[in-house]
Amino acid sequence: MDAVFYQSEESRPLLGETCGPPPPPLGAGPPCRRAALHCSGSGMRYKLLQEGDIQVCVVKHPRTFLSKLLTSKFLRRWEPHHLTLTDSGLASATPTGYMESALSYSTIEDVQLLSWDNAPKYCVQLSFPGGTVLLQAANSYLRDQWFHSLQWKKKIFKYRKTLSNPSRWDVVLKEIRALVDMALTSPLQDESIHQAPLHIISTLLAEAIAPLLENNHPPPGLCEFFCKHCRERPRSMVVIEVFTPVVQRILKHNMDFGKCPRLRLFTQEYILALNELNAGMEVVKKFVHSMHGPTGQCPHPRVLPNLVAVCLAAIYSCYEDFINSRDNSPSLKEIRNGCQQQNDRKPPMPLRLLRPEPPPMPASLLPTPTLSPPPTLPLSPPPPSIVNSSEILVELERNNTANALRRGPAGGDSEPNLIDCLLVSPALNTLSIQLPAQADRVLGCFALILKMLSDYDDWRPALASLLQPIPFPKEELKYVIQRFAEDPRQEVHSCLLSVRSGKDGWFQLYSPGGVACDDDGELFASMVHILMGSCYKTKKFLLSLAENKLGPCMLLALRGNQTMVEILCLMLEYNIIENKDTQLQIISTLESTQVGLRMYEQLCDRQRELKELQRKGGPTRLTLPSKSTDADLARLLSSGSFGNLENLSLAFTNVTSACAEQLIKLPSLKQLNLWSTQFGDTGLRLLSEHLACLQVLNLCETPVTDAGLLALSSMKSLCSLNMNSTKLSADTYEDLKAKLPNLKEVDVRYTEAW
């Protein structure tokens, strides 16, 4: 048989059509000359073959003269076969004739290219011990495609076998590098070309490196590789089997993501990979539950702060492009890397967000908070430059004074807070930010995680303190705030108020007219209701509402909201409103609804009773029998005048904090004995606001704690205080001694301060 070999060129199929000098017949002379095969970036590209139709001929190595005659080209027989390139070998759909049994890649010694001289037939030669398999294609392109596909399958089979049982790590590293180079230089264009090395390396990681990562954090370089794997192969079993224990350890033991931000990024990419699975957020929910544990209390205190840090960083990254474009501020990468050069940057040009005209903004889109009104601008300001972006409609305003007030004092080189970066003019109280689809998916995923975290009772107090007002267009955020507003624990719902001066809290953002309110104040009313029930300073809180939120309260009361009607009645009852016109306006608002009219009439009745109660006369000392209740005290005080009552003993009765509403009606009360009652912190707070003249207070054997005892610091007239057998701490005792200058007699026996 005459055969000829050709050189490959970059601009045409790997083998050209030019003929060369004929070599000796196959099997009768020295081995054929092979073509020098090189793959460059600009050469031909082929799709990886998985199966196809081709002509097959098997030639055994001749050992006698008769066998040479039988293998001559005149007696050679070709068989059509539909071959499949499996992971382990070459198999035929019709296992008969030459391909009766599959040809394993391990038995193939070499793969060569041949071109017949006498006919336009193109062949691939597979050498195996004892013979040769010839595969004949229809043209040179198909032949080259078969050639590269067979080479790839054979090498991948070899690498899988070699790396599955590593003996020396230097050899493993060399093989991995060769595997990656082969994937990068292969002329085959197929997703599996790059996925196959990743799968092999991932399997190696699962078997060899995973035990090390169970007790150690991955280094930054390995984190970057893990992040890339999560992005490119989110459905890989390695994500579940190898990365899950690594991420669990990070969340349980990491103390500061700032020292290793790649750990946070890896955790973020891992969660996004879980969200790409078929079950989606259900898988993420199971992961969050596994981090919390099956009991009612999570045993790992670092899990919640780390999860919140990951969520907030992911949410922040969704708005990164918008934030960086607002006022030519440095990018987050520049800030993190410490490479910001203030002198090299252009002067700031703030972007003022314009309210879009029709169509109106969806109700589910939360806007951002506002600042104080800008100063009066010159009469003839230069016309602003309008920029229509695909993401947001902005106006460039070149006014340094307004810019300075809107931006506030410089914050240094620290990373900007999200709420500071999204501040806009109060006159334009609607913000429309259209995020790219991928960013919106990321935003939705981590917003749902915050929603999941708020469903755990033991995590809710810490979550409320960690979350700051972060406006983003997701209904899940409102659900989280609603959970805070429904929680009866003070450490949870007290976080609804502003925690820093000059910064609005959730309470301000969700008030009617606030930037986040989209429910006519229903959530705001829920917040007011829970805060009024256990606020540290009820009277002070009412005063704050009257000064800042009186309009929204009256509007909701006008719409029949019972909580706001109660608030307006309390403002009148406690004389919070001094202006007569405002008082008349509140009364008119109450009388405009049936529920308001009924409560106002009840208020008037209470005022008449209070006036009669406080009328001068009656006893100066009063002791209730043991087993008396709150209702008994209320009936007693409503039976006559107690304006002269100075000493009241409720010792060994069954009264609770609810009787404080009756006690604050006694203007002359100076001595109060609550020994061995169920009077608690809530009642103590109320007494501290209204009984400023109280001089002697006995709280022996009552369930009061530091939370209520701290309120006594405002009762400057106290001379004698009995806190025997209470839950008083040493720190609170020292604080009370410092703030009560007239305190002379103190009993702290059987307490921590004793």
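Some notes on this structure:
- Residue, modelled with the lowest pLDDT, within segment 644-654, restricted to residues that are farther than 23 Å from ASP605 by Cβ and part of a loop (DSSP other than H, G, I, E, B): ASN644
- Any hit, segment 516-537, residues being more than 20 Å from GLU486 (Cα to Cα), at pLDDT below 85 and in contact with a helix residue (DSSP H, G or I) (Cβ under 9 Å, 6 or more places away or on another chain): no
- Of the residues in segment 198-207, none is at pLDDT 85 or above, surrounded by 19 or more Cβ atoms within 10 Å (Cβ to Cβ) and of a type outside the set (D, E, K, R).
- Looking across segment 548-605 at every residue that is among the basic types (Lys, Arg) and farther than 27 Å from SER498 by Cα, the one that is farthest from the chain's Cα centre (by Cα) is identified as LYS580.
- Just one of the listed residues (PHE266, PHE257) is surrounded by fewer than 22 Cβ atoms within 10 Å (Cβ to Cβ), of a type in the set (Phe, Trp, Tyr) and in contact with a helix residue (DSSP H, G or I) (Cβ under 7 Å, 6 or more places away or on another chain), and it is PHE257.
- Residues in segment 453-484 that are modelled with pLDDT under 75 and among the polar types (S, T, N, Q): GLN468 only.
- Scan of segment 499-515 for residues that are hydroxyl-bearing (Ser, Thr, Tyr) and either buried (at least 16 other Cβ atoms within 10 Å of the Cβ) or at pLDDT 85 or above (or both), ordered by number: TYR510, SER511
- Output for segment 597-631, where each listed residue is small (Gly, Ala, Ser) and assigned to a helix (DSSP H, G or I): ALA631
- Criterion (over 18 Å from TRP78 (Cβ atoms), outside the structural domain of GLY43 (by TED's automatic domain parsing), surrounded by 19 or more Cβ atoms within 10 Å (Cβ to Cβ) and out of contact with any His (no Cβ under 8 Å at 6 or more places or on another chain)) met by exactly one of LEU179, LEU184, LEU173: LEU179
- Residue list for segment 247-286, restricted to those being in contact with a Pro (Cβ under 6 Å, 6 or more places away or on another chain), assigned to a helix (DSSP H, G or I) and not basic (Lys, Arg): ALA273
- Candidates SER641, SER713, SER725, filtered to the one that is within 29 Å of LEU610 (Cα to Cα) and assigned to a loop (DSSP other than H, G, I, E, B): SER641
- Of the residues examined, ALA660 is not one that is free of Cβ contacts under 8 Å to residues at least 60 places away in the same chain, surrounded by fewer than 18 Cβ atoms within 10 Å (Cβ to Cβ), aliphatic (A, V, I, L, M) and not in a loop (DSSP other than H, G, I, E, B).
- Applying the condition of being within 14 Å of the chain's Cα centre (by Cα) and of a type in the set (D, E, K, R) to segment 262-293 and asking which residue is farthest from ARG231 (Cα to Cα) yields LYS285.
- Residue count, segment 88-101 (criterion: of a type in the set (A, V, I, L, M), more than 52 Å from the chain's Cα centre (by Cα) and outside any helix (DSSP H, G or I)): 0
- Looking across segment 692-704 at every residue that is surrounded by fewer than 20 Cβ atoms within 10 Å (Cβ to Cβ) and touching a strand residue (DSSP E or B) at 6+ places or on another chain (Cβ under 8 Å), the one that is nearest to SER717 (Cα to Cα) is identified as GLN695.
The values are calculated or read from the model by the stated rules, or taken from the named source; none is laboratory data. Every value quoted in this text rests on a predicted model; they were computed, and no experiment measured them. Backbone-built Cβ (ideal geometry, glycine too); neighbour counts: all protein chains shown.
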